[in-house]
1. Looking at B:Tyr89, B:Ile271, B:Ala205, which one has the Cα that reaches farthest to the positive end of the dipole of chain B (charges on Cβ: Lys, Arg +1; Asp, Glu -1)?
2. Can you send over the carbon and sulfur percentage of the accessible area for chain A, probe radius 1.4 Å, protein chains only?
3. Distances from A:Val339 to the same residue in each other copy, label points 7 Å out along Cα→Cβ, in nm, shortest first?
4. Given Cβ point charges of +1 (Lys, Arg) and -1 (Asp, Glu) and nothing else, what value in debye, to the nearest 20, does the dipole of the stretch B:164-298 about its Cα centre take?
5. Work through the residues other than B:Ala307 whose Cβ is under 14 Å from its Cβ and net out their charges, Lys, Arg +1 and Asp, Glu -1.
6. Provide an ascending nm list, one decimal, of label-point separations from A:Gln207 to the equivalent residue in each further copy; define each label point as 7 Å from Cα along Cα→Cβ.
7. If you take the accessible area of A alone, add that of B alone, and subtract the area of the pair, what total do you get in Å², probe 1.4 Å, to the nearest 100?
8. For chain B, modelled as a Gaussian network with Cα springs under 10 Å, which listed residue fluctuates most, B:Ala118, B:Ala54, B:Ala209?
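The values are calculated or read from the model by the stated rules, or taken from the named source; none is laboratory data. Everything numeric here is computed off the predicted structure, so don't read it as measured data. Counting neighbours? That spans all protein chains shown, and the Cβs are built from the backbone with ideal geometry, glycine included. For the accessible areas, the whole protein counts, side chains as well, though only heavy atoms, and no ligand, DNA or RNA atoms are used. Shrake-Rupley method; radii C 1.70, N 1.55, O 1.52, S 1.80 Å.
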Protein chains: 2
Amino acid sequence: MNLKQLSEILGLSQTTVSRALNGYPEVNEGTRIRVQAAADKHGYRPNIRAKGLATGRSMVIGHVIPTSSRHEMVNPIFGDFVAGAARTYAEKNYNMMFTHAPDTSIEDSYRSLFSRGAVDGVVLQGPKVNEPRISVLSNMGVPFIVHGRSTGVDLPYDWIDVNNQRSFERATQFLIDLGHRRIALINGLEEMDFAQRRRNGYMAALQRAGFTPDPALLRSAEMTEIYGYQTVCDMLKLDDPPTAILASSIISAVGVRRALEENGLKMGRDISVIAHDDELSYMRNGQDVPIFTATRSSVRRAGELAAEMLIERINAPDDPPKSCLLEAELVVGNSTGPVRQRL
Amino acid sequence: MNLKQLSEILGLSQTTVSRALNGYPEVNEGTRIRVQAAADKHGYRPNIRAKGLATGRSMVIGHVIPTSSRHEMVNPIFGDFVAGAARTYAEKNYNMMFTHAPDTSIEDSYRSLFSRGAVDGVVLQGPKVNEPRISVLSNMGVPFIVHGRSTGVDLPYDWIDVNNQRSFERATQFLIDLGHRRIALINGLEEMDFAQRRRNGYMAALQRAGFTPDPALLRSAEMTEIYGYQTVCDMLKLDDPPTAILASSIISAVGVRRALEENGLKMGRDISVIAHDDELSYMRNGQDVPIFTATRSSVRRAGELAAEMLIERINAPDDPPKSCLLEAELVVGNSTGPVRQRL
DNA sequence: CTGGGTATTCAAAGCGCTTTGAAAACCGAG
DNA sequence: CTCGGTTTTCAAAGCGCTTTGAATACCCAG
């Protein structure tokens, strides 16, 4: 059932039918009702491609996944972010499209996505320091939003981010206040912008307290469970092991816990742990009592907001750049406690 | 830059340019090269919507996420499956589209997706027992593939699944062979088809060994970490607690481990645990030595295969139904051991 | 040279929708 | 009645591509 057929059934022109269905004012109310009824009855749905062709809009938002980040798509954080975005898209009648592109041709992918008219805008996830994708998109003059920011890129662009620096600074300060001096940071991959900021926060707190950071207590890698486990196992072998640990994600924190338990240490008593909690659905930080003391910020919510901001941008390409900085909350659980003298 | 402009530059008709670019045989080789060069030079990309409109193909595969399964999109299992599918799509020049739809209008969503020409096929994930979506799609006569199967639906349809029954039967048998009698099953949501099959496997092994299953040792819910934790805490309070546990996912197994450790029990010695391992990227089951003895099957691989099967179906709508049953491997780690007499 | 086949190229129609510019229908005031 | 001004409806053009059916160019046997 297409527009032509429907309009023939109704004995009206395609113009009128189209307008009636799209809520234009210049159509008689009686006609509109009649048209709507017929459309419902015959289950008419406008062909999305034809519509897009005519309007120049695709009503699709693209998410490009670099092939390199083999885990990206799969990263639970990514998943929750996307789930949030999906919610907004559904509400605003947008669709979400994923493209897998080799890193070498990432620019090409974006260009192709837009010039082929496949999407109206894109979401850029996981920005690195000096993220090259930002200038690519910026030069193309297309609507996009960055989840995170990129140090070193001074173009104006829309972004939404959590205040990583402040939240890690606070967490570190919290540990310092509990008497800890040997604080380890189990960070995400160093090239990622968020990791950089978290480290800065951590460093800032240490320095303010007059401590010299120990490189042996600083690690960075992709935030898996194994990584958290392995790192803690290694660090416990140091002559002067940490008395507190900051983990960049709940997933790694699970590994941290495994390592501690295997070594007969009790979190909160023998060693303190703070994790960054993105509020992942499948890995909640406990129920009533948090398992981990944590810096908490819903990545799902960030996804919702990012999508909203992007859609606004699409509808008003010339508005000044927007940004949104979310503050993480520090929730105190049982994984932290006053420093304990040498075990 | 569109086809018309490009053909004007070249002094050729749109027909010829289009054919040259699409590899039709009836175009002179010299011309083809000239056209290709000009296209590259000017960065011409055919408009995907116009192309779709003309060919009737969208080159898009849809994944519909029921709103109800709040976690679905976020479910790490889902993520890995989709990552696998994405890989295949990229290879075959398909795109992947997600739609979030309220459960009440799931049928409508499918209908709309196809009748609006938005997708060429869909992947149905997380089928329940008597899954109604299958007959909806089947009646619509559109290409689709089910990840999993649905007991109670006897229409023919394409599916790919892991042999859940056999793998849980083997795992249970393995525990029985180690001398366990009190074996708990921490299963997924009962309405899910896979959970049903896993339970059947578990029951079959128990019955064959002549044991009567104890309902107190059987739980089902969404497979979160908390769920695994809570369930084990509860079961340990029984007069006659289990000596072995079967967990339906690594995520829940992490919770199981937490509960055991909190209760001072050591996996493999005091109590045996087998988990089902979908080989999630962010939650690997250890490195060299598996953390958990597990029934292992890559859900990512399943995603790749599902996508391939679906694309085949799209290209040959009248082929007989296809299916693919993957066998899970039983990998033995340190979480299982001979039964221990009352603690 | 010429005719008939083959290799190339082309103009135009069509995919299903929106939108422009014009026509028709309707209205109450004069 | 008639007329200017609203409403309401319409025919047709256009979005950018593929594809059909026809035309032209080319080639070699006769």
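1. Among B:Tyr89, B:Ile271, B:Ala205, the one farthest towards the positive end of the dipole of chain B is B:Tyr89.
2. That fraction is 48 percent.
3. Going from nearest to farthest copy, the values are 5.1 nm.
4. With Lys and Arg at +1 and Asp and Glu at -1, about 340 debye.
5. Values: positive: B:Arg87, B:Lys92, B:Arg300, B:Arg301, B:Arg313, B:Lys322; negative: B:Asp80, B:Glu91, B:Asp120, B:Asp158, B:Glu304, B:Glu308, B:Glu312.
Overall, the nearby charge balance is -1.
6. Those label-point separations list as 6.9 nm.
7. Values: alone 16900 and 16880 Å², together 28610 Å².
Counting both chains, the buried surface is close to 5200 Å².
8. With Cα springs under 10 Å in chain B, the top fluctuation among B:Ala118, B:Ala54, B:Ala209 is at B:Ala54.
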